[in-house]
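The values are calculated or read from the model by the stated rules, or taken from the named source; none is laboratory data. From a predicted model like this one, the values you see are computed outputs, not experimental measurements. In this analysis, Cβ positions are derived from the backbone assuming ideal geometry, glycine residues included, and neighbour counts consider all displayed protein chains.
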Amino acid sequence: MNGLRFLFAVAAALGVAACGEVNKETEVVNQTKISVTGKTAELSAPVARKEPKEITQHGVTRVDNYAWMKDDNWQDVLRDPSILRADIREHLQAEVAYYEASTADLDDLRKTLVAEMRGRIKEDDSSVPTPDGDFEYFSKFREGGNYRIYARQPRGGGAETVLFDGDKEAGDSDFFSIGSVNNSPDHKLIVHATDRLGSEYYTLQVRDVATGEDIGEPIESTDGDAIWAADSKSFFYIERDDNQRPKRIKHHFLGTSPAEDRLVYEEADDGMFLSVGKTTSAAYIIIYAGDQVTNEYQLIPANDPTAKPVIFAPRVVDQEYYIDHHDDWFFIRTNKDGAVDFKIMKTPVAATARENWEDVVPYEVGTMISGLTTFKDYMVRSERKDARPRIVIADYDGHEREITFDEAAYSVYFSDGREYDTVTLRYDYESMSRPAETVDYNMATGARTVRKVQEVPSGHNPDLYVVERIDAVADDGAEIPVVIIRLKQTPLDGSAPVLLYGYGSYGSYIDDGFSTSILSLVDRGVIYALSHVRGGSAKGQGWYLDGKLGKKMNTFTDFVRSGEALIEKGYTTKGNIIIYGGSAGGLLVGAAVNLQPDLFAGVLAAVPFVDVINTISDESLPLTPPEWPEWGDPIRTKEGYDWIASYSPYDNIGQGMSYPPILATGGLADYRVTYWEMSKWVARLRDEATGGPFLLRMNMSAGHGGSAARFERLEERAHLYAFALELFGLEGKKPVSHSE
C-alpha cells in the first residue's frame with residue numbers, strides 16, 4: 001500500500017545517487033544534516049553502542065554488534081514492560097525523542113490526516129444483529145468512543161442489554177484490548193477477555209448478565225477466547241506458557257478456583273500451536289493442534305464436556321485437514337492425496353480414520369478451497385481462482401449455486417453466524433472504491449437482502465476512482481497480480497507517486513477491500529497498489545509454496561518486479577515508489593530495499609520482522625519452532641541457514657550503499673516481532689548504509705498491533721502517511737472533493 005515519487009527529484013536532498021551508490025555530493029549533504037524533506041535540522045540520530053557478539057552456525061561466523069538490545073529477561077518484560085533494562089530503555093527513549101523532533105513539522109499534517117480519516121468513520125456505528133436463540137447479538141460504538149460495546153436485544157427487536165462496555169472497562173489504562181466476549185448457551189453469562197499490556201496475555205472473567213457483575217476469580221495468561229460447554233456450566237480455554245505459546249487446553253467449572261481447572265490436553269511439540277473451538281452444529285468441542293503444514297483435531301462432545309478428547313485423525317507430516325459436522329457425517333477440507341489447493345471429503349461420525357474419507361468436491365488445479373462451513377441443509381465453501389474470491393453454496397445432494405460479483409477486484413467473505421439451522425448466509429462485499437455491504441443471502445431462493453452499507457459521513461463518491469489490475473512478470477515468468485486504485489484524474493504519464501503494499505507469507509491472502517484511511521493518500525493523487533506476491537495464496541496454495549523455504553526469494557523479487565511493472569506501464573517512474581509492509585510484510589520491504597534501494601523513494605516498515613536469522617535460530621522465542629516449516633530450520637540444517645541468511649534484512653544491508661528514507665515502527669510489549677528487531681535494524685542501517693534518514697517510532701505502551709483504541713490507531717496511521725506524503729512532496733496538497 002505504498003506510493004512513489006521520482007527519486008531523482010529529491011536526490012540532492014536525500015543524498016541518493018541514481019545508481020544507488022554513495023557519491024561525493026551525498027557526503028557533503030549528509031554533513032549539513034539535511035533531513036528527509038531537505039530542511040535543515042540541528043539533530044543528530046542516536047548512535048547505538050557496539051558490543052560485538054560472534055555467532056557461529058554451520059561453520060559460518062557473523063558478528064552482531066547490537067545483540068545487547070535484547071533484554072535477557074524479555075519474557076518478564078512482556079508481562080511488565082516497566083522492568084526493561086535501563087540502558088535499553090534509555091536508547092529506545094532516545095529514538096522516540098529523535099523521531100518526534102525530526103518530524104515535528106509534520107504535526108499539522110498528521111492532525112489533518114486524522115481528522116480526514118475520522119471523518120470517514122461513522123462514530124456511533126453498529127453491526128447488523130446476529131440471531132442466536134431468543135436474542136440477537138451485536139456490537140456498536142458510541143460517538144467519540146474508542147472501544148466496542150457488546151450488546152443484545154430480543155430477537156426481532158426490543159430493548160437492548162449492554163453486556164460489556166469497552167470504553168468503561170478500559171478506564172485509564174495506557175493500553176486496552178478486548179480479546180472476545182462470548183455468551184453462554186443459556187444466555188445468562190458471558191466470558192470476557194482483556195489485555196492491558198499489549199503482550200496478548202489475556203485475562204478471562206465471567207460476568208452475570210442479569211446483575212452486570214463479574215463472578216468468580218479471573219483466569220490469567222490465556223489466549224483471549226473461551227468456548228462454552230452445552231450446559232453453560234463450564235468452558236474451555238487455552239493457557240499460554242511463559243514463552244507466550246498456547247500450550248494447554250484447560251476446562252473451567254463455574255464456582256471453582258482456576259487453580260483447580262482440569263488439564264484437558266497439553267501439546268508436547270513446541271512447533272505446534274493450539275486452538276479450541278466448536279463445530280457449527282455446536283455438537284462438538286474441537287481441539288486443534290497445528291503448524292504451517294501439519295495439523296490434527298481432537299473431539300469432545302459438547303454435552304459431555306468431561307469426556308476424554310478423541311483424536312479425529314492422527315497428524316501426518318505435510319498434510320492438513322479442517323473439519324465441520326453435519327448429522328452423521330464430518331466434512332473435511334484437506335490437501336490429502338496431493339490436492340495442493342484442497343478438496344472436500346466426508347467421513348462417518350463413527351469412523352473418522354483417513355481410510356474412511358471419501359471425495360465430495362474433487363481437487364481442481366488452480367482453484368483454492370479456502371474455507372468450509374456446514375449448515376443444517378447447506379454446505380458453504382469459499383474459493384479463490386486467479387486471485388478472485390467466490391462463494392459456492394451446495395445442498396447435500398450435490399446441487400450448487402455460486403454467488404457472483406461483477407467488479408474486476410473485490411473482497412467477499414461470509415460469516416458462520418451463530419445458528420446451524422438457518423437458510424440465511426451473511427456475507428460482506430466490498431472493493432477498493434466501494435464501501436462494504438452486509439448482505440443476507442437466502443440459500444434456498446438466492447434472494448439477497450442488503451442489511452447494511454458502510455456509511456462514510458464525510459462523503460464518498462466511488463465514481464471518482466478507477467480500480468484495475470495488472471500482471472507483473474516474475475523472473476521465472478509467473479504473472480503477479482497487482483491491484484490498483486487511483487483517481488480517474490490522476491495522470492498516467494509516469495508522474496504520479498505510488499504506494500506499493502505487500503505481505504507474502506504464511507499463505508495469507510490480503511483482500512482487495514475498501515480502506516477509508518488509504519483514501520487520504522489516493523485523494524491527493526497517490527496511486528495505491530497491492531501486490532499479491534508469492535508466499536501469499538492469492539493464486540492458490542501452489543502460489544504460497546512457491547514463496548516459502550528455499551523459494552522465499554521469489555517473494556522479494558516478485559515485489560521488486562511489481563514496482564518495475566508499475567513503471568513500465570506508465571503509472572510512475574523510478575524512485576517515486578514508497579513500499580509499505582507490516583510484520584512479515586516488514587520483512588518483505590526490508591528485503592526488497594536491500595535488493596534495489598534506488599528503485600524506491602522510501603520505506604514504511606510497520607513492526608517489521610527483519611532480524612530473521614537470529615530470531616529463527618532462537619528456540620526460546622514464542623513463534624520460532626512453529627515458524628520452521630515456513631522459513632526453514634537454521635539450527636539443525638545448513639540448508640535452512642543458507643536460505644534465511646541470503647535475505648534476512650538485518651544481515652544484508654548494502655555496505656556503503658545509499659538507501660531511501662525509512663520509517664520503522666515497533667511495540668515494546670510485542671511478542672510476535674520483538675522490539676529489538678527493528679531497533680537493531682535501524683541502528684545498523686545508520687552505521688553501514690548512507691542516505692536515509694532512518695527513523696524508529698517505538699510505542700512504549702503497546703504490542704504487535706499498536707494501540708487497540710480505534711482513534712489512536714488513526715493517529716499511528718497518520719504518522720506513516722504524513723511521512724509518505726512529505727517524501728512525495730504532497731504535504732501541502734489538498735485532497736479531491738467528494739461533494740462536487
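What the table shows:
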quantity: Residue count, the stretch 163-186 (criterion: within 22 Å of the chain's Cα centre (by Cα) and of a type in the set (S, T, N, Q)); calculated: 2
quantity: Of all residues making up the stretch 39-80, the number that are outside any loop (DSSP other than H, G, I, E, B) and either small (Gly, Ala, Ser) or outside the structural domain of Asn614 (by TED's automatic domain parsing) (or both); calculated: 1
quantity: Number of the condition not met by Val392 [criteria: (1) part of a strand (DSSP E or B); (2) at pLDDT below 95; (3) more than 30 Å from Val522 (Cβ to Cβ)]; calculated: (2)
quantity: So Tyr650, is it among the hydroxyl-bearing types (Ser, Thr, Tyr), under 21 Å from Ile88 (Cα atoms) and in the same structural domain as Gly535 (by TED's automatic domain parsing); calculated: yes
quantity: Unique match (being modelled with pLDDT of 95 or more, under 19 Å from Leu588 (Cβ atoms) and outside the structural domain of Phe342 (by TED's automatic domain parsing)) among Glu568, Glu479; calculated: Glu479
quantity: Hits in the stretch 395-434 - residues which are outside any strand (DSSP E or B) and among the aliphatic types (A, V, I, L, M); calculated: Ala408, Ala409, Val423, Met432
quantity: Some residue of the stretch 299-311 being more than 26 Å from Lys247 (Cα to Cα) and over 28 Å from the mean Cα position of the chain (by Cα); calculated: no
quantity: Among the residues listed as Gly586, Gly581, the single one being touching a helix residue (DSSP H, G or I) at 6+ places or on another chain (Cβ under 6 Å) and buried (at least 24 other Cβ atoms within 10 Å of the Cβ); calculated: Gly581
quantity: Subset of the stretch 667-694 that is within 24 Å of Trp74 (Cβ to Cβ) and assigned to a strand (DSSP E or B) - its residue that is farthest from the chain's Cα centre (by Cα); calculated: Phe694
quantity: Residue satisfying all of: in the stretch 472-483; outside any loop (DSSP other than H, G, I, E, B) and in contact (Cβ under 8 Å) with a residue 24 or more places away in the chain; surrounded by the fewest Cβ atoms within 10 Å (Cβ to Cβ) among these; calculated: Val473
quantity: Strands (runs of 3 or more DSSP E) fully within the stretch 177-293 counting 1 or more residues that are in contact with a Ser or Thr (Cβ under 8 Å, 6 or more places away or on another chain); calculated: 177-183, 189-195, 202-208, 214-222, 234-240, 246-253, 262-266, 284-290
quantity: Every residue from the stretch 544-567 that is in contact (Cβ under 8 Å) with a residue 40 or more places away in the chain and either part of a loop (DSSP other than H, G, I, E, B) or crowded, with 24+ Cβ neighbours inside 10 Å (or both); calculated: Asp546, Gly547, Lys548, Lys552, Thr555, Phe556, Asp558, Phe559, Ser562, Gly563, Leu566
quantity: Hits in the stretch 105-145 - residues which are more than 29 Å from Val162 (Cα to Cα) and either of a type outside the set (Lys, Arg) or surrounded by 15 or more Cβ atoms within 10 Å (Cβ to Cβ) (or both); calculated: Asp105, Leu106, Asp107, Asp108, Leu109, Arg110, Thr112, Leu113, Val114, Ala115, Glu116
quantity: Residues that are small (Gly, Ala, Ser) and more than 26 Å from the chain's Cα centre (by Cα), drawn from the stretch 346-400; calculated: Ala350, Ala351, Ala353, Ala394, Gly398
quantity: Residue match in the stretch 622-637 (condition: in a loop (DSSP other than H, G, I, E, B) and modelled with pLDDT under 95); calculated: yes
quantity: Residues located in the stretch 643-666, provided they are in contact with a Phe, Trp or Tyr (Cβ under 7 Å, 6 or more places away or on another chain) and either in a strand (DSSP E or B) or within 25 Å of Arg196 (Cβ to Cβ) (or both); calculated: Ile662, Leu663, Ala664, Gly666
quantity: Pick from the stretch 416-470, criterion touching an Asp or Glu at 6+ places or on another chain (Cβ under 8 Å), under 30 Å from Phe559 (Cα atoms) and without any contact (Cβ under 8 Å) to a residue 40 or more places away in the chain, ranking: surrounded by the fewest Cβ atoms within 10 Å (Cβ to Cβ); calculated: Asp428
quantity: Residue in the stretch 125-146 that is out of contact with any helix residue (DSSP H, G or I) (no Cβ under 6 Å at 6 or more places or on another chain), in a helix (DSSP H, G or I) and of a type outside the set (Gly, Ala, Ser) present; calculated: no
quantity: Test for Gly640: is it out of contact with any Cys (no Cβ under 8 Å at 6 or more places or on another chain), closer than 23 Å to Tyr721 by Cα and either outside any loop (DSSP other than H, G, I, E, B) or modelled with pLDDT under 95 (or both); calculated: no
quantity: In the stretch 627-657, residue nearest to Val610 (Cα to Cα) [restricted to those that are in contact with a helix residue (DSSP H, G or I) (Cβ under 6 Å, 6 or more places away or on another chain) and of a type in the set (S, T, N, Q)]; calculated: Ser648
quantity: Leading residue by the ranking (nearest to Ser505 (Cα to Cα)) among those in the stretch 568-591 that are among the hydroxyl-bearing types (Ser, Thr, Tyr) and in a loop (DSSP other than H, G, I, E, B); calculated: Ser583
quantity: Candidates Val360, Val340, filtered to the one that is surrounded by fewer than 21 Cβ atoms within 10 Å (Cβ to Cβ), of a type in the set (A, V, I, L, M, F, W, C), in contact with a helix residue (DSSP H, G or I) (Cβ under 8 Å, 6 or more places away or on another chain) and on the phi < 0 side of the Ramachandran plot; calculated: Val340
quantity: Residue in the stretch 228-243 that is in contact (Cβ under 8 Å) with a residue 24 or more places away in the chain, within 21 Å of Val349 (Cβ to Cβ) and in contact with a Phe, Trp or Tyr (Cβ under 6 Å, 6 or more places away or on another chain) present; calculated: no
quantity: Test: residue in the stretch 266-275 that is under 16 Å from Asp225 (Cα atoms) and crowded, with 17+ Cβ neighbours inside 10 Å; calculated: yes
quantity: Residue in the stretch 639-649 that is over 29 Å from Ala48 (Cβ atoms) and free of Cβ contacts under 8 Å to residues at least 12 places away in the same chain present; calculated: no
quantity: Residue among Arg713, Arg684 that alone is surrounded by fewer than 24 Cβ atoms within 10 Å (Cβ to Cβ), basic (Lys, Arg) and in contact with a Ser or Thr (Cβ under 8 Å, 6 or more places away or on another chain); calculated: Arg713
quantity: Exclusive hit being assigned to a loop (DSSP other than H, G, I, E, B), within 30 Å of Val77 (Cβ to Cβ) and within 19 Å of the chain's Cα centre (by Cα), set Val610, Val603; calculated: Val610
